[in-house]
1. Rg/Rh for region 121-160 to two decimals, with Rh computed the Kirkwood way over all alpha-carbon pairs.
2. Which value, in Å² rounded to 10, gives the accessible area of Ile401 with a 1.4 Å probe and all protein chains present?
3. Can you put Arg342, Arg430 in order of accessible area, largest first, using a 1.4 Å probe?
4. Where a ≥ b ≥ c are the square roots of the eigenvalues of the C-alpha gyration tensor, would you call region 97-206 rounded, which needs a/c under 1.5, or, failing that, prolate if a/b is larger than b/c, or oblate?
5. Any chance you could look up the accessible area of Glu337 with a 1.4 Å probe, heavy atoms only, rounded to 10 Å²?
6. Could you order Lys415, Lys516, Lys366 so the one with the most accessible surface comes first? Probe is 1.4 Å.
7. Express in nm, to one decimal, how much length is gained between Asp145 and Glu337 on full extension, taking 0.36 nm for each residue of separation and deducting their alpha carbon distance.
8. Taking R0 as 22 Å, what's the FRET efficiency between Asn534 and Gln197 from their Cβ-Cβ distance, rounded to 0.05?
Amino acid sequence: MTYGAGDVEALSSMEQEPGESLKGPKPIVFKDSDFQSREGINSLEFGSNPSKEHKDNRFDDGGEKNHSYKETGQHDRGAVKRDKNSRIAQSRSVVDYKVKEMTDQLIRAKVYLSFAPPGSNSHLTKELRQRVKELEHAVEEVTKDSALTKSALQKTKNMESSLVKAGHAYPDCSAMSSKLRAMTDNAEEQVRMQKKQVTYLVNLAARTTPKGFHCLSMRLTSEYFALPPPSERQLLEQKKLLHDTKLYHYAVFSDNVLACAVVVNSTVSSAKEPERIVFHLVTNSLNLPAMSMWFSLNPMGRATVEVLSMAEFEWLSREYDLGWKVHNFSDPRFTSELNYLRFYLPNIFPSLDKVVVLDHDVVVQKDLSGLWHVDMKGKVNGAVETCQENEASFLRMDMFINFSDPLIADEFDSKACTWAFGMNVFDLRRWREENLTARYHEYLRLSNERPILKGGSLPLGWVTFYNQTTAVERRWHMLGLGHDSTLPPDDIEKAAVIHYNGAWKPWLDIGFGEYKGLWSKHMDFNNPYLQQCNIHG
């Protein structure tokens, strides 16, 4: 096989879930003075009315204040769920009244200070400033009443005395109410902007391949070209297994060597009959040497592993118009050809009747041989459903499909149950009978002509396999480990396949620490290649 300059592309970890192209948020620097009125008003001691609040226009740049799932993706949906769980936990715990009271006192004091004219040195103004400084120091990093000292409690009493004075000096409740409301709105705006920045930075980190992964690919590639070619006998023996329909065939489409290694290791180690397992790993020509070298150096016991390059699929460009290349996505995770190759399974495996497709960000915890005995009910695709509103994996058709388009509204039901990619059983015989690849290309063409779909390959899967998908038991596939840190441990333990869908991949520094061990235990970090490239668990 030859490699030309056209084959050289960025080594990026494929993302298997839908997403949006992201733009960096407009940076905003907030100052304490942003919370204070800049209009000259009389001293607190004279109780005069402040001028009307002027409108804060810093955010009037056309940005919407209400964010939907469509705008922020699974990250924000997971964050909302975590926030909800946090609030529930807090409501069940003992409220620390004193700490809350001290926080409220600080807010009230700062509101009264905002009514004072700039540079005011009246006695009450000086007293409030001193009380604020003392109380802030007393409650610094304190979250529980039990952690408060006697001195801090005394400062609370002193502050309350000063606030009573301020209340008599300035009794205008409506002005106080307006100021507190303005402060609340400003604080909420800051939180919203911070969440937007977090979303952007997390997704940026998810799109960045760790330096160690580049190192590993380069070292494996250089070693690969020094290997002698396999013997004819080896090739013939393997070829028989690759086309044996009595075996359990799994397919993974990926350019991530270590991710594939974990998928294969975890599947084989969990299998009751590993000798019946055949893995077909499909990658691009740039990563073929590294992927091949890794599995040559780390054989999977009695299981069979085949590494394929999509460059070998000459029929792909000859027979099909590869419309994914013109999709309007700036994120390479959603324009990668490897994401869309799953729609050509009957062509890639013409001799097979059934195949299980696994995403590269899954870990297999149980024997999967039972998937070959699932009643497909005459359908093509077997998958776990994602239409239960009380779960983190919940999705609706209209989140990624434009039902305002008459073509879509006439063909699909917006309330139809959705399902997940990541662990799918495909009946290739029924697929060929229904000619679903042609249907996929029709909707791919339409989505390039008019805005009917967004978010990568998932909505294309929903329309391609519409009325051709049967639900498998939820124990087979658990989603959310890449965007939700509050998943029940018991559910994770019981799942046959756990899926790190989302931005927090287990091989990234941003991955959730509580879930990383489930992935890293299937990787030998004493491997000399991993140590040389500073890759560790």
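1. 1.04
2. Roll a 1.4 Å probe over it and Ile401 shows about 10 Å².
3. Ranked list, largest accessible area first: Arg430, Arg342.
4. oblate
5. 50
6. Descending accessible area places them as Lys415, Lys366, Lys516.
7. 63.4 nm
8. With a Förster radius of 22 Å, E is 0.15.
The values are calculated or read from the model by the stated rules, or taken from the named source; none is laboratory data. All figures in this text were calculated on a predicted structure; none of them were measured in a lab. As a convention, Cβ positions derive from the backbone with ideal geometry for all residues, glycine included, and neighbour counts pool all protein chains shown. For the accessible areas, the whole protein counts, side chains as well, though only heavy atoms, and no ligand, DNA or RNA atoms are used. Shrake-Rupley method; radii C 1.70, N 1.55, O 1.52, S 1.80 Å.
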